Ligand code: HEM
């Protein structure tokens, strides 16, 4: 998904932006078609696959209705592909097709969450702080998909340019907040609390860190909710105090997200004997990008004020990219690379990743974030920003060439992913 309709198409959009020296060169429909391919195709299918495979083990039970779980993959993949084509140019019947595909995506998400709720009710192991974050991630998945379908119907069906712009200006930002801050971050924090110590040798989640994770849970979730509610309210009322309230919510979100991520202590010395370019390097780089994105989120209004702009599209896009590629995608790559089956005899070397994807993805992300911001200052920055997409795409392709053969050859004599991860989670000491 990501090599085609996601990053592949994103790189093409970026080249067109660079050539036109204009961030609005591709239509909003093309940008959003790319966005949904990444959110439901790349990130969403990863979440669904990982959760169906591993959450039941976390909870000491078995997945209910595994056949239904399996059917979610082709259904979601088909819906993402159909929507990618139909939403990009939503004229005539294509608008209806896009909305139909969005409705299927929502149905898949609801079914997926229902399967996990029914599975969770049969849990035999005690709940941990991690499970609160996983539950929040599931709730945000449903809520964001409902808002996404409404937003999709109102954009492809907008009566005119003014109605379209009003819808985008009011609802696009809270939608992304629910998808990225709500769904992606909550899921990553929950999974990290469960698996990072076992998989990467980061410090174990002792009673103190478990307590801190519990204490941070509600402030973080309420900050996300406040972001999503206050922004549209501010846009509708045009009230300056509500805009200030929204900014305060983003500060609250940034502070609690930093504290929750710091609680994982990914920069502490690993207890495992891992090669220097193991997936742990990706985890650490991801956390740096999270910090960059959160700092940029808080500083957004200051940048606009400095340049006397009502809103900086460039700054906003760079902030989002830093979290979607830098944080979310690098975390996905790290966990996937660590749990993917590897040759049984490969030992120490089998845990290593090639250097190229690491360099290309971080370089591409750094170029995109810095140069997209710089387009506010000079049009010369459009060229390196445009090149960044190809660099990221090359990084993802290189990584795919590394992991796909491992996935395809899964089975004997490869250690299975499930066995690796079950061992890893079982080895995470925990005190309630
Ligand atoms: C890997 C290479 C990627 C490239 C080259 C790329 C490119 C782009 C471009 C050119 C835009 C429009 C310009 C802008 O708003 O800044 C955009 C927007 C967007 N991208 Fe990506 N992208 C990539 C990865 C991702 C990933 C991994 C995700 C999500 C997991 C993602 C989600 C989105 C979303 C949701 C939007 C719409 C932003 C909004 O609502 O304003 N992208 N991307």
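The values are calculated or read from the model by the stated rules, or taken from the named source; none is laboratory data. Computed from a prediction, not measured in an experiment: that's the story for all the values here. All Cβ positions, glycine included, derive from the backbone under ideal geometry; neighbour counts span all protein chains shown.
Sort through 353, 361, 297 and tell me the only one that's within 14 Å of the ligand (Cβ to nearest atom) and closer than 30 Å to residue 275 by Cβ.
Checking each option against the conditions leaves just 361.
Output the number of the condition that residue 265 fails; it satisfies all remaining conditions of (1) at negative phi; (2) touching a residue at least 40 places away in the same chain (Cβ under 8 Å); (3) part of a loop (DSSP other than H, G, I, E, B).
(1)
Mind telling me which of the residues 260, 286, 268 ends up being at pLDDT 95 or above and either over 24 Å from residue 214 (Cα atoms) or out of contact with any helix residue (DSSP H, G or I) (no Cβ under 8 Å at 6 or more places or on another chain) (or both)?
Going through 260, 286, 268 in turn, the sole match is 268.
Checking residue 238 against (1) out of contact with any helix residue (DSSP H, G or I) (no Cβ under 8 Å at 6 or more places or on another chain); (2) buried (at least 16 other Cβ atoms within 10 Å of the Cβ), only one condition comes out false. Which one?
The failed condition is (2).
Would you confirm whether or not the range 325-348 contains a residue that is modelled with pLDDT of 95 or more, out of contact with any helix residue (DSSP H, G or I) (no Cβ under 9 Å at 6 or more places or on another chain), more than 25 Å from residue 202 (Cβ to Cβ) and more than 16 Å from the ligand (Cβ to nearest atom)?
no
Name the one entry in 277, 259 that is surrounded by 15 or more Cβ atoms within 10 Å (Cβ to Cβ) and either within 18 Å of the chain's Cα centre (by Cα) or outside any helix (DSSP H, G or I) (or both).
Answer to the check: 277.
Hey, any hits in the range 44-57 for a residue that's more than 8 Å from the ligand (Cβ to nearest atom), within 28 Å of residue 158 (Cβ to Cβ) and either surrounded by 21 or more Cβ atoms within 10 Å (Cβ to Cβ) or within 18 Å of the chain's Cα centre (by Cα) (or both)?
Yes, that holds for at least one residue.
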